[in-house]
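The values are calculated or read from the model by the stated rules, or taken from the named source; none is laboratory data. This structure is a prediction, so every number in the text was calculated from the model and none was measured. Here the Cβ positions follow ideal geometry from the backbone for every residue, glycine too, while neighbour counts run over all protein chains shown. To get the accessible areas, we keep the full protein, side chains included, count just its heavy atoms, and leave off ligands, DNA and RNA. Shrake-Rupley method; radii C 1.70, N 1.55, O 1.52, S 1.80 Å.
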Amino acid sequence: MLWAQGANPPQVPSYIGLTRKGMDAPVHRHDWSGPLRHAHNEAVFVFGLLYWTYKNFISSQDIDSCVFVPSCSTYMILAIQKHGVFIGFLEGMDRLTRCSPFANGHYPINPQARKYEDPVD
Amino acid sequence: MKSGLFLSIIYSLLSLTLQAQDVAGTERLADTFMRHGQYETAFKYYQRAFFFASKTKAPELYGKMGESSLMAGKYDFARQYFHKAQLIEQNDSLRAEWFLKKVTAVVLQKRFKLALLEMLNYRGPLLPHQRVYAEYLKGLSYFGMEKFDLAHRHFEAALPPGDSLARQRLNLLFRRKNLMRPNPTAAKWMSMFVPGAGQIYAGDWKNGLNSFFLNGLLAYLILRDAYTYSFWDSFAGIFPWLQRYYTGGYQRAEKIAEQRRREKRARIFRQTYDLIFQTKSKSAAE
Amino acid sequence: MKTRWIRRLVWLLMLTGGALRAQERPATDSLSPTKDTLRAKPAKENLFDAQHSRRFADYLFRTGQYDYATEEYQRVAFLQPDDAYPRMQIVKAQEGKKDYYRALGYFEMFFPRFDTLQVPFQKEAIKLYVLNGEYGTARKRLWASRLDTTRKHTLNLGITLMEKKWKDALAQYHRRENILRDPVFHQFGLAAQRRLEHRNKSPLLAAGLSAVVPGLGKVYTKNYGDALMSFLFVGLNAWQAWRGFRKQGVRSVHGWIFAGFGVSFYLGNVWGSAKAAKRYNRKLDKAATDEVRAVFEYNL
């Protein structure tokens with residue numbers, strides 16, 4: 001341990017350096033502009049914009065009430081990206097009605113998120 | 001990626017020329033990988049050396065396997081290997097070394113109580129620099145357990161002796177700044193009375209104003225609909241939304257305050273670390 | 001792409017290095033893996049020769065470090081090209097990681113001639129084809145294999161089940177029900193029977209029912225909670241829209257907004273009911289095939 005023996009310049013063993021990083025507070029930064037930036041037509045762009053606005057100003061103030069992962073809004077934007085605007089929108093509306101305590105028992109559980117798993121298919 | 005490829009080329013060429021790949025050679029190879037930051041590969045070669053080595057090499061190789069796992073971020077493995085190394089090591093100072101590294105792994109798992117228990121139970125001798133590190137680890141455990149007075153005392157003991165400037169700086173850090181603030185419960189109650197107030201108290205203006213205006217808008221819509229249609233219409237149509245965002249507001253205020261407090265503590269901890277290990281020039285550490 | 005080739009070149013160099021060293025010191029053959037990890041050895045030995053690598057690889061395989069074990073077995077396979085054991089262990093290591101796709105790739109590379117293989121190897125091949133969903137190839141290999149007839153019929157039934165041809169499977173079972181004495185055969189037969197006890201739900205019927213009464217399609221697919229929610233969602237929105245229109249006529253913003261939501265939920269529910277029926281069928285299929293898959297995975 002050179003730092004204790006007056007070495008110049010001081011060198012701290014790397015495992016001690018780990019403890020400095022280890023106490024850092026994890027920062028969760030979300031960027032919801034993905035669908036907006038990668039939109040391939042105007043309709044998807046409009047939905048991407050709605051999604052971005054919703055996530056930034058409305059969903060960020062909401063209680064954490066969606067029982068699924070991915071959440072209903074993310075599900076809808078993914079479905080729209082995958083199946084097109086009309087079918088994707090219908091899938092999203094159907095998902096909203098399924099998002100209730102009654103989902104219990106019908107879906108596998110994602111242990112990390114502690115929510116039901118229902119990916120877009 | 002590129003440097004890794006380059007290294008692997010070099011070592012494959014080395015393995016062509018090296019005749020005796022015995023235990024010591026394998027260990028040297030692993031050491032080299034360790035120095036170049038390829039911890040996973042180093043771990044593999046240490047394992048091989050350990051598998052074929054004699055019993056006398058076991059403590060050292062256990063320790064090295066622990067080190068490579070620690071650096072690779074596998075703290076649970078690291079803890080177990082260091083523990084084994086500590087149990088069978090004959091040399092006192094090396095045993096202390098493995099012990100301190102084990103506690104480092106425990107601290108990195110954020111099991112501060114366990115780390116403190118280990119530190120307080122240790123009865124072996126420590127070299128001077130190990131004693132400094134032991135004090136630092138104790139301070140760190142108390143810091144993680146939110147006992148900042150005790151943490152301050154142990155951090156102070158870990159400072160370089162005679163460095164009164166560092167001592168003053170540490171005092172300033174711990175006395176001036178209240179590490180219990182912003183208080184999540186206070187933020188929650190503030191947001192219960194005025195939506196957004198708790199977030200602003202925690203220093204998050206964007207979310208504070210957002211919450212305030214969103215709740216204000218919904219309240220306005222309820223009143224307007226109650227006038228234009230009927231009370232029940234507005235109650236059934238809009239009140240559930242207000243309830244969601246109001247509840248969400250104070251729940252999130254609590255979380256935001258918690259996060260801000262964690263960030264503040266991390267900042268102060270980093271400055272303390274820099275004071276103890278003198279990693280930065282003194283002016284940079286405030 | 002280029003990196004991959006460089007890697008292959010490097011790998012080849014390493015292996016050649018090992019081969020050269022192996023020729024210098026021919027291996028004294030003791031092929032049974034020992035469990036003694038701490039045995040003292042004289043110095044000046046090569047830890048990278050076939051014997052050492054094999055012992056170490058076996059240790060890595062036992063402790064579940066399949067990636068490292070694969071690397072070691074690859075070296076052993078290169079140094080001992082006549083031995084099938086390390087190559088088989090490479091395949092098994094991929095199976096340990098549940099990477100059946102790669103396992104099949106290795107298997108086809110290492111053992112290209114199916115008809116010359118021993119029975120355990122043939123079984124392994126059939127298992128990997130089934131787990132990769134290549135049922136046609138699996139069946140072809142099965143009939144070409146040297147397994148006994150009972151086993152062949154059993155596995156054939158299993159493959160039919162994995163293809164989700166339940167009626168065919170049941171017919172196959174009844175044809176040999178009284179002849180074959182294999183318990184797994186009867187297990188498979190029962191799986192087919194159990195699956196056929198539940199009738200499939202028709203997506204079209206579910207959608208139609210939901211079109212008539214919102215949520216009825218979901219009652220049909222036994223999602224009662226979802227049915228109630230869709231009925232409420234559509235009903236409340238329609239009610240609010242109607243109130244808006246009644247008060248202010250077609251210029252009512254309130255009415256149009258709720259009408260929009262109501263229609264969206266209604267259409268979404270029709271679409272969702274068809275999906276729910278499909279999900280219902282898929283769930284039944286999965287319950288049946290999981291049982292069969294487990295036999296192929298762990299019990300072949």
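Annotations
- Single match in B:206, B:188, B:177 (criterion: free of Cβ contacts under 8 Å to residues at least 24 places away in the same chain, open to solvent by 40 Å² or more (accessible area, probe 1.4 Å) and under 17 Å from residue B:260 (Cα atoms)): B:206
- Among residues of the range C:83-105 that are under 14 Å from residue C:297 (Cβ atoms) and of a type in the set (D, E, K, R), those with a beta-carbon under 7 Å from a residue that is assigned to a helix (DSSP H, G or I) and open to solvent by less than 20 Å² (accessible area, probe 1.4 Å) at least six positions away or on a different chain give the pairs C:95/C:103.
Residue by residue, here is whether (1) without any contact (Cβ under 8 Å) to a residue 12 or more places away in the chain; (2) of a type in the set (Ser, Thr, Tyr); (3) closer than 20 Å to residue C:203 by Cβ holds:
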| site | (1), (2), (3) |
| --- | --- |
| C:213 | no, no, yes |
| C:220 | no, yes, yes |
| C:226 | no, no, yes |
| C:235 | no, no, no |
| C:245 | no, no, no |
| C:253 | yes, no, no |
| C:262 | no, no, no |
| C:281 | no, no, yes |
| C:290 | yes, no, no |
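- Every condition in (1) surrounded by fewer than 19 Cβ atoms within 10 Å (Cβ to Cβ); (2) assigned by TED's automatic domain parsing to the domain that holds residue C:266 holds for residue C:234 except the one numbered (1).
- The number of residues in the range C:257-271 that are modelled with pLDDT of 90 or more and either farther than 30 Å from residue C:201 by Cβ or among the aromatic types (Phe, Trp, Tyr) (or both) comes to 6.
- For the range B:191-203, a tally of residues being crowded, with 18+ Cβ neighbours inside 10 Å and within 14 Å of residue B:255 (Cα to Cα) returns 8.
- Total residues in the range B:213-254, condition more than 10 Å from chain A (Cβ to nearest Cβ) and of a type in the set (D, E, K, R): 4
- Candidates B:214, B:275, B:209: the one that is within 19 Å of the chain's Cα centre (by Cα) and aliphatic (A, V, I, L, M) is B:275.
- Flag for residue B:101 being part of a helix (DSSP H, G or I), away from chain C (no Cβ under 14 Å) and without any contact (Cβ under 8 Å) to a residue 40 or more places away in the chain: yes
- A Cβ distance below 7 Å, combined with a sequence gap of six or more or placement on separate chains, defines the contacts here; from the range C:63-75, residues that are assigned by TED's automatic domain parsing to the domain that holds residue C:103 reach residues that are open to solvent by 10 Å² or more (accessible area, probe 1.4 Å) and part of a helix (DSSP H, G or I) in the pairs C:64/C:96; C:66/C:96; C:68/B:44; C:69/C:61; C:73/C:89; C:75/C:15.
- Looking across the range A:85-95 at every residue that is farther than 21 Å from residue A:32 by Cα and open to solvent by less than 50 Å² (accessible area, probe 1.4 Å), the one that is farthest from the other protein chains (Cβ to nearest Cβ) is identified as A:87.
- Restricting the range A:96-115 to residues that are crowded, with 18+ Cβ neighbours inside 10 Å and more than 8 Å from chain C (Cβ to nearest Cβ), the residue that is nearest to residue C:223 (Cα to Cα): A:99
- Residue B:260, sole failed condition from (1) more than 10 Å from every other protein chain (Cβ to nearest Cβ); (2) farther than 18 Å from residue A:57 by Cα; (3) crowded, with 20+ Cβ neighbours inside 10 Å; (4) at pLDDT 90 or above: (1)
- The range A:48-70, residues that are more than 8 Å from chain B (Cβ to nearest Cβ) and either among the aliphatic types (A, V, I, L, M) or touching a Lys or Arg at 6+ places or on another chain (Cβ under 7 Å) (or both): A:49, A:50, A:67, A:68, A:69
- Selected residue [in contact with a helix residue (DSSP H, G or I) (Cβ under 9 Å, 6 or more places away or on another chain), surrounded by fewer than 13 Cβ atoms within 10 Å (Cβ to Cβ) and assigned to a helix (DSSP H, G or I)] from A:55, A:82: A:82
- Per the listing C:154, C:160, C:137, C:116, the residue uniquely more than 30 Å from residue C:53 (Cβ to Cβ), open to solvent by 20 Å² or more (accessible area, probe 1.4 Å) and not charged (D, E, K, R) is C:137.
- Positions within the range C:170-219 being touching a Gly at 6+ places or on another chain (Cβ under 8 Å), assigned to a helix (DSSP H, G or I) and surrounded by 19 or more Cβ atoms within 10 Å (Cβ to Cβ), in sequence order: C:170, C:173, C:188, C:206, C:207, C:209, C:210, C:217, C:218
- Every residue from the range B:232-250 that is open to solvent by less than 40 Å² (accessible area, probe 1.4 Å) and either in a helix (DSSP H, G or I) or closer than 23 Å to residue B:199 by Cα (or both): B:233, B:234, B:237, B:242, B:245, B:247, B:248, B:249
- Failed condition for residue B:49, given (1) farther than 27 Å from residue B:122 by Cβ; (2) more than 9 Å from every other protein chain (Cβ to nearest Cβ): (2)
- Candidate set from the range A:58-95 (those that are within 21 Å of residue B:245 (Cβ to Cβ) and touching a strand residue (DSSP E or B) at 6+ places or on another chain (Cβ under 6 Å)); member that is modelled with the highest pLDDT: A:68
- Residue among C:25, C:4, C:75, C:55 that is open to solvent by 80 Å² or more (accessible area, probe 1.4 Å) and modelled with pLDDT of 70 or more: C:4
- Counting the residues of the range B:182-211 that are more than 13 Å from residue B:246 (Cα to Cα) and not in a helix (DSSP H, G or I) gives 4.
- Residues of the range B:55-79 satisfying the condition of being polar (S, T, N, Q) and either in contact (Cβ under 8 Å) with a residue 12 or more places away in the chain or touching an Asp or Glu at 6+ places or on another chain (Cβ under 8 Å) (or both): B:68, B:69
- Taken as a whole, the range C:247-262 holds at least one residue that is more than 30 Å from residue C:138 (Cα to Cα), open to solvent by 30 Å² or more (accessible area, probe 1.4 Å), of a type in the set (A, V, I, L, M, F, W, C) and at the interface with chain A (Cβ under 10 Å from one of its Cβ atoms).
- Considering (1) open to solvent by less than 20 Å² (accessible area, probe 1.4 Å); (2) of a type outside the set (A, V, I, L, M); (3) within 13 Å of chain A (Cβ to nearest Cβ), the lone condition that residue C:275 does not fulfil carries the number (1).
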